[in-house]
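Working notes, structure below.
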Amino acid sequence: MEHRCLSPWKGAVAGGLIAFAWSSVSWMALPFHGKTISSFGDPAALVNILEAGAPKSGIYILANDKTGQLAPTDPFVFISYDKRGWGSMGSAMALGLLVQMIGAFFWTWILGKIPGLTLKDSALYGFFFGLCVGVLGALPNWVWWKFPLPFTAMYVVDAAIAWTLASMVLSRCYAAACALPKKP
């Protein structure tokens, strides 16, 4: 039996806001992400090189060429480059919230298919959903694009925490309002 009151539309709002709020706190208030990101010693020199060598915005790599014909074999470089700059933080945050709401819509639909959903179950399912999101969404960047493991692992941890919290809120706000019939 489905939870008829566990609406994916309501869940998109509630779950998306919770996941976004956790992500915001994690990136802006907690010190962990900052410890996984390094700064360039001479950023102006790097920008000048990119302006000269990168004709347009995009992803650029300096891949290992074992023959040494195109580039030295080391180091490996992966750059996401946007000539326009960072842009508006407000627009980035609005888009980030929208992405979380889309994920919450899908996740609420899945949660709504689980009969007898309890707060504990919801938290556990949310934790594993977050692990799936993190592992499948971030770990390939570690494998293929050499993102540092601590940076990637923080994304996995963030996803697990965000979706655990969002699932608990969804369970408390919506599943409780539409409890399954008690067995006689």
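The values are calculated or read from the model by the stated rules, or taken from the named source; none is laboratory data. Every value quoted in this text rests on a predicted model; they were computed, and no experiment measured them. Cβ atoms come from the backbone with ideal geometry, glycine included; neighbour counts cover every protein chain shown.
Here are some notes:
- Tabulated pairs, region 15-31, first hydroxyl-bearing (Ser, Thr, Tyr), second part of a helix (DSSP H, G or I) and surrounded by fewer than 17 Cβ atoms within 10 Å (Cβ to Cβ), C-beta under 8 angstrom, 6+ apart or interchain: SER23/GLY96; SER24/MET93
- Residue match in region 130-152 (condition: over 21 Å from ILE61 (Cα atoms) and aromatic (Phe, Trp, Tyr)): no
- Options ALA166, ALA160, ALA153; residue that is crowded, with 22+ Cβ neighbours inside 10 Å, in a helix (DSSP H, G or I) and of a type in the set (Gly, Ala, Ser): ALA166
- Count - residues of region 125-148 that are more than 13 Å from ALA159 (Cα to Cα) and assigned to a helix (DSSP H, G or I): 6
- Criterion violated by ALA29 - all others in (1) surrounded by fewer than 12 Cβ atoms within 10 Å (Cβ to Cβ); (2) modelled with pLDDT under 90; (3) closer than 18 Å to LEU97 by Cα satisfied: (2)
- Just so you know, in region 1-22 the residues that are aromatic (Phe, Trp, Tyr) and modelled with pLDDT of 90 or more include one that is farthest from ASP158 (Cα to Cα), and it is PHE20.
- Scope region 7-26; condition closer than 14 Å to THR164 by Cα and surrounded by 17 or more Cβ atoms within 10 Å (Cβ to Cβ); matching residues: GLY11, ALA14, GLY15, GLY16, ILE18, ALA19, PHE20, TRP22, SER23
- Within region 76-119, the residues that satisfy the criterion of being surrounded by 13 or more Cβ atoms within 10 Å (Cβ to Cβ) and in a loop (DSSP other than H, G, I, E, B) are GLY112, ILE114, LEU117.
- Only one of TRP107, TRP86, TRP9, TRP27 that is in contact with a His (Cβ under 7 Å, 6 or more places away or on another chain) and at negative phi: TRP27
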